[in-house]
Amino acid sequence: MKTNLITREGLDKLNKELNYLWREYRPEITKKVTWAASLGDRSENADYKENKRLLRQIDSRVRFLRKRIEAIKVVEYSPEQDGKVFFGAWVEVENDNGETKRFKIVGPDEIYGRNDYISIDAPMARALLKKEVDDEAVVKTPTGEQTWYVNKISYQNLNVNKES
C-alpha cells in the first residue's frame with residue numbers, strides 16, 4: 001500500500017498535470033472525436049476509435065488524480081528535522097565499497113521520471129528514517145542485508161546543498 005504523503009513540489013506537479021489534462025488535452029481530443037464522428041461510419045473509422053481510446057485514458061487518469069490529490073497529505077519542511085533523515089530530505093549514503101548514492105526521500109507519486117528520488121516506502125528510505133550523519137543503516141534487500149553510512153543530510157534543493 002502506498003503512503004499518502006507528498007511534498008509541496010510533488011502536489012504542484014500533480015495539480016499541473018490534472019489541469020493540463022482537463023483544460024487543454026481533453027478538449028483537444030474531444031474536438032477530434034467529434035470531427036471523426038461526423039465523417040459517418042464509426043466502425044471503420046480509425047481516427048474515431050483511436051481518439052475515443054485516448055479520451056478514455058485521459059478520463060481514467062483525471063479520475064485517478066482527483067481521488068489521489070484528495071487522499072494525500074502535504075508534508076512541509078520543519079526546522080526540527082535538521083540533522084536527521086525524514087520525509088523530504090536529500091541524503092547522501094556510502095557503503096563499504098565506497099559506492100555513494102544521493103537521493104531525495106519523497107512520496108510514491110513523485111518518483112516517476114526521476115532517478116534521484118526514492119519513495120518513502122522503499123527499503124532504503126525506511127532504513128534511513130531518523131538516522132543522523134555518520135549513522136549506519138542496514139537495508140534489507142532480496143539479495144541480503146546491505147550496510148550504508150549516512151554522509152550528508154540536507155533539506156535544501158540540490159543547487160543550495162546545505163549540509164547538516
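The values are calculated or read from the model by the stated rules, or taken from the named source; none is laboratory data. Fair warning: this is a prediction, and the values are worked out from it, not measured in the lab. When we count neighbours, we look across all protein chains shown, and the Cβ atoms used for this are built from the backbone with ideal geometry, even at glycine. Areas reflect the complete protein model, heavy atoms only, side chains present, ligands, DNA and RNA absent. Shrake-Rupley method; radii C 1.70, N 1.55, O 1.52, S 1.80 Å.
TYR117 contributes an accessible area of around 20 Å² to the protein surface, as traced by a 1.4 Å probe with all chains present. Cα centroid separation, region 67-134 to region 13-33: 31 Å.
Please go through region 77-164 and write out the GluC sites (Glu not before Pro) that DSSP classes as loop and that have at most 14 other C-beta atoms within 10 Å. When the GluC sites (Glu not before Pro) of region 77-164 are filtered for loop state and at most 14 Cβ neighbours within 10 Å, GLU99, GLU132, GLU163 remain. Computing FRET efficiency as 1/(1 + (r/R0)^6) for GLN156 and ARG42, where r is the C-beta to C-beta distance and R0 is 41 Å, gives about 0.15.
Between the Cα long axis of helix 26-37 and the first principal axis of the chain there is an angle of about 30°, rounded to the nearest 10. Accessible surface computed residue by residue for the chain, with neighbouring protein chains in place and a 1.4 Å probe, gives 63 Å² per residue.
Contact order for region 55-164, expressed relative to its length and based on alpha carbon pairs under 8 Å spaced 6+ residues apart, stands at 26 percent. Modelled label positions at THR143 and ARG23, each set 7 Å beyond Cα in the direction of Cβ, lie 4.7 nm from each other. Of all DSSP beta bridges confined to region 83-146, the antiparallel ones make up roughly 75%. Of the accessible area of region 23-90, computed with a 1.4 Å probe over protein heavy atoms only, carbon and sulfur atoms account for 51 percent. Going through [x] 41; [y] 36; [z] 47, the figure that equals percent of Cα pairs over 25 Å apart as computed for the structure here is [z].
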